[in-house]
Amino acid sequence: MIETQYFAHPTSVIDEKCSIGTGTRIWHFSHIMSGCIIGEGCNIGQNVVVSSDVILGKNVKIQNNVSIYTGVVCEDDVFLGPSMVFTNIVNPRSAINRKNEYMSTFVRKGATIGANATVLCGIEIGEFAFIGAGAVVTKSVPAYALVVGNPARQAGWMSEFGHKLNFDKDGKATCPESKATYELINGRVRIA
């Protein structure tokens, strides 16, 4: 008998041919579909669907009632808030099978997607970007950007610790928690 290195609540459903990393926890009524890859140390909340061929990096935190559909890739340290959802077809119709038209969506390292947000397919969420609760993301989001609303619009920049950055006239800002300095150059943010 092969011993698993992850925890799965007895009510969760885990299909065959999944790769699940050491230390991952899968909670009540979640469904992990065949062919997905889940990294080490992830936490998958209650009533989550991880569809076939989804890739989740290490330390991905998924809150309750999240749907992650085929085509989604989340890098390490991504946070998916309660009841957020991804799409994978631009123009779905019940009577038309478009499984060969799934589009990829990439969520880069350290990004946060807030509660009840919707992320349309075929876009990229940049590293450490912060998607506000209820936002409807219809286009790619740059690294460190804060976006809110429907449709989502940029409302500022965020630090890696999740604090809004206030840039001075020289394009410099300091995270109040980490004390790291950030630079805003030509519409892009980076750690100085």
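The values are calculated or read from the model by the stated rules, or taken from the named source; none is laboratory data. As the structure is a computational prediction, the values presented were derived from the model and not from experiment. Reconstructed Cβ throughout: ideal geometry from the backbone, glycine too, with neighbour counts over all protein chains shown.
Given the structure, is Val13 farther than 20 Å from Pro82 by Cβ, without any contact (Cβ under 8 Å) to a residue 60 or more places away in the chain and either exposed (fewer than 14 other Cβ atoms within 10 Å of the Cβ) or touching a Cys at 6+ places or on another chain (Cβ under 6 Å) (or both)?
Taking the combined requirement at face value, the residue satisfies it.
So Trp157 passes all but one of these: (1) buried (at least 22 other Cβ atoms within 10 Å of the Cβ); (2) at pLDDT 95 or above; (3) in a loop (DSSP other than H, G, I, E, B); (4) of a type outside the set (Ser, Thr, Tyr). Which condition number does it fail?
(3)
Would you mind stating whether Arg190 is in the same structural domain as Asp53 (by TED's automatic domain parsing), without any contact (Cβ under 8 Å) to a residue 60 or more places away in the chain and basic (Lys, Arg)?
no
Based on this model, can you work out whether Ser30 counts as among the hydroxyl-bearing types (Ser, Thr, Tyr), out of contact with any Cys (no Cβ under 9 Å at 6 or more places or on another chain) and within 26 Å of Phe161 (Cα to Cα)?
no
Determine, yes or no, whether Asn64 is over 12 Å from the mean Cα position of the chain (by Cα) and in a loop (DSSP other than H, G, I, E, B).
Criteria met by Asn64.
For Thr70, state whether it is buried (at least 19 other Cβ atoms within 10 Å of the Cβ) and touching a strand residue (DSSP E or B) at 6+ places or on another chain (Cβ under 8 Å).
It is false that Thr70 is buried (at least 19 other Cβ atoms within 10 Å of the Cβ) and touching a strand residue (DSSP E or B) at 6+ places or on another chain (Cβ under 8 Å).
When you go through (1) in contact (Cβ under 8 Å) with a residue 40 or more places away in the chain; (2) assigned to a strand (DSSP E or B) one by one for Cys121, which number turns out not to apply?
With (1) in contact (Cβ under 8 Å) with a residue 40 or more places away in the chain; (2) assigned to a strand (DSSP E or B) applied to Cys121, the lone miss is (2).
Taking the condition surrounded by fewer than 14 Cβ atoms within 10 Å (Cβ to Cβ), closer than 20 Å to Lys109 by Cα, not assigned by TED's automatic domain parsing to the domain that holds Val107 and not β-branched (Val, Ile, Thr), does Gly171 pass?
Criteria not met by Gly171.
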